[in-house]
Amino acid sequence: MAINVDSTYKAVLVVLEQEKRGVLTPTEYNKIATQAQQEIFTGYFDELNQLLRMPQTSLAYADRMALLDEKISLFKRSEEIALVDSETTLPSIVQELGSVVYNNREVQRIQRHDLYTTNQSPLTAPTSYYPVYIYEDKKITLFPTLTGSVLINFLKFPADVKWGFTIDPNLGNYIYNPLNSVDFEIHQSDQPLLISKILGYAGVMTKDQFIMSLAGQKEQQINIDSQK
């Protein structure tokens, strides 16, 4: 389930109001909320690298790994795209390419400097049945020259967050508009960390070191609790 952009914004505003730290406008909120979500998303892979280095014998490891896989799975996508002269350019939402499938067979990825030696040997030369591909500058090129389409499996970037609104014609205040809004896409369990990060950025924007310190302490405690 996605994290609601409106409930998160309200939580942030409540803390700022209680501490008399000013107002965070929707435009400011949308920018820093998007940045905070991207940082948490990137942190998934840092945590994954750390877990893979740990001994894989404890139940705690298995639980943390399962939760992390659940978080990353929210961004797994598959898309079929057409080939033009055996080439195709990946969509801009692709954050990390997984596998490439042609005619129901996974295609082997090679580096450009390996292409010559691969073609020279009858045993390794690519064929339409067992093609290979190179991936450079968001572009996939299959060998030999093929037509049709490929199925790509990839991780996508989180969409930019947006708290959409209209303006009350009488009072001039902001009114939440869910039809013009974009919720957070990260896992719901990360909502406390998300709010802490947004408050941290709010502290930077208002030059308020108290909010920055408060958000940092909360984030540190969340990280400690998640490792138990």
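The requirement of being in contact with a helix residue (DSSP H, G or I) (Cβ under 7 Å, 6 or more places away or on another chain), modelled with pLDDT of 95 or more and not charged (D, E, K, R) is fulfilled nowhere in the range 117-128; no residue meets it. In the range 142-162, the residues that are assigned to a loop (DSSP other than H, G, I, E, B) never reach a residue that is aromatic (F, W, Y) and exposed (fewer than 14 other Cβ atoms within 10 Å of the Cβ) with C-beta atoms less than 7 angstrom apart, at least six apart or across chains. Report yes if L67 is assigned to a loop (DSSP other than H, G, I, E, B) and hydrophobic (A, V, I, L, M, F, W, C), otherwise no. Spelling it out, it is not the case that L67 is assigned to a loop (DSSP other than H, G, I, E, B) and hydrophobic (A, V, I, L, M, F, W, C). Just for the range 51-68: of the residues that are surrounded by 12 or more Cβ atoms within 10 Å (Cβ to Cβ) and modelled with pLDDT of 70 or more, which one is farthest from D183 (Cα to Cα)? Taking the candidates together, the pick is M54. Go through the range 127-140 and give me each residue that's part of a strand (DSSP E or B) and either in contact with a Phe, Trp or Tyr (Cβ under 6 Å, 6 or more places away or on another chain) or open to solvent by less than 20 Å² (accessible area, probe 1.4 Å) (or both). Across the range 127-140, the qualifying residues are V132, Y133, I134, I140.
Within the range 70-86, the residues that satisfy the criterion of being in a strand (DSSP E or B) and either open to solvent by 70 Å² or more (accessible area, probe 1.4 Å) or at pLDDT below 95 (or both) are K76, R77, S78, E80, V84. Within the range 61-80, residues that are in contact (Cβ under 8 Å) with a residue 12 or more places away in the chain sit with their Cβ atoms under 9 Å from residues that are loosely packed, with under 12 Cβ neighbours inside 10 Å and hydrophobic (A, V, I, L, M, F, W, C), at 6+ positions apart or across chains, in these pairs: M65/L52. Limited to the range 96-126, what total is found for residues that are open to solvent by less than 60 Å² (accessible area, probe 1.4 Å) and part of a loop (DSSP other than H, G, I, E, B)? The number of residues fulfilling the criteria is 5. If only residues of the range 172-205 that are touching a Phe, Trp or Tyr at 6+ places or on another chain (Cβ under 8 Å) and not in a helix (DSSP H, G or I) are counted, the one that is nearest to G43 (Cα to Cα) is I186. The residues on offer are Y133, Y44, Y129, and the sole one that is in contact with a Lys or Arg (Cβ under 9 Å, 6 or more places away or on another chain) and within 30 Å of K197 (Cα to Cα) is Y44. The single residue among L151, L142 that is closer than 30 Å to D85 by Cβ, modelled with pLDDT of 95 or more, under 23 Å from the mean Cα position of the chain (by Cα) and not aromatic (F, W, Y) turns out to be L151.
Across the range 1-38, the qualifying residues are those that are under 22 Å from L67 (Cα atoms) and loosely packed, with under 15 Cβ neighbours inside 10 Å, and the one among them that is modelled with the lowest pLDDT is M1.
The values are calculated or read from the model by the stated rules, or taken from the named source; none is laboratory data. Being a predicted model, the structure only gives us computed values, none of them experimental. Because the Cβ atoms are built from the backbone with ideal geometry, glycine has one as well, and the counts that use them run over all protein chains shown. Heads up: the accessible areas ignore ligands, DNA and RNA and are worked out on the full protein's heavy atoms, side chains in. Shrake-Rupley method; radii C 1.70, N 1.55, O 1.52, S 1.80 Å.
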